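Notes for the one structure printed next.
The values are calculated or read from the model by the stated rules, or taken from the named source; none is laboratory data. Everything numeric here is computed off the predicted structure, so don't read it as measured data. All Cβ positions, glycine included, derive from the backbone under ideal geometry; neighbour counts span all protein chains shown. With ligands, DNA and RNA removed, areas are computed over all heavy atoms of the protein, side chains included. Shrake-Rupley method; radii C 1.70, N 1.55, O 1.52, S 1.80 Å.
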Amino acid sequence: MKCISVYTDNFELFSDIFEQVVESQLEENEEKEVEGVTFSNSGEAPEHYLERMSQKPEVVVMRDKSRGLTILQHGNVFEILIPGAESAAL
């Protein structure tokens, strides 16, 4: 699954830019900035990554069921995990 990292700890700001981030066409390891927040295509996350991270107490797990996305929030970063079929389209 594709992983997009968004470097902020501000949930309100993350929510404001979420659509732009998800719709961005990024090459692997490419970074962009929107509203002062840097985000990047962190490449492919292994399948066990989501399971391992969701077990940590400091990680908040959110889901966008309409798109099948999973969002992990920990520290100063949000990670948007996009499943295989959608990651090919993005």
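Details
- Å² per residue, accessible surface of the range 2-82 at 1.4 Å: 57
- If R0 equals 25 Å, the separation of the Cβ atoms of E19 and H48 corresponds to a calculated FRET efficiency of about 0.30.
- Using a probe radius of 1.4 angstrom, the carbon and sulfur fraction of the accessible surface of the chain is 46%.
- When you filter the trypsin sites (Lys or Arg not before Pro) in the range 32-81 for DSSP loop state and at most 13 other Cβ atoms inside 10 Å of their Cβ, you are left with K65, R67.
- A simple charge model with +1 on the Cβ of Lys and Arg, -1 on the Cβ of Asp and Glu and nothing else charged puts the dipole of the chain at about 400 debye relative to its Cα centre.
- Cβ crowding within 10 Å averaged over residues, with 68-75, 41-48 ranked highest first: 68-75, 41-48
- P(r) tail for the chain: Cα pairs beyond 23 Å make up 15% of the total.
- Span per principal axis, largest first, for the Cα atoms of the range 30-70 (Å): 30, 22, 21
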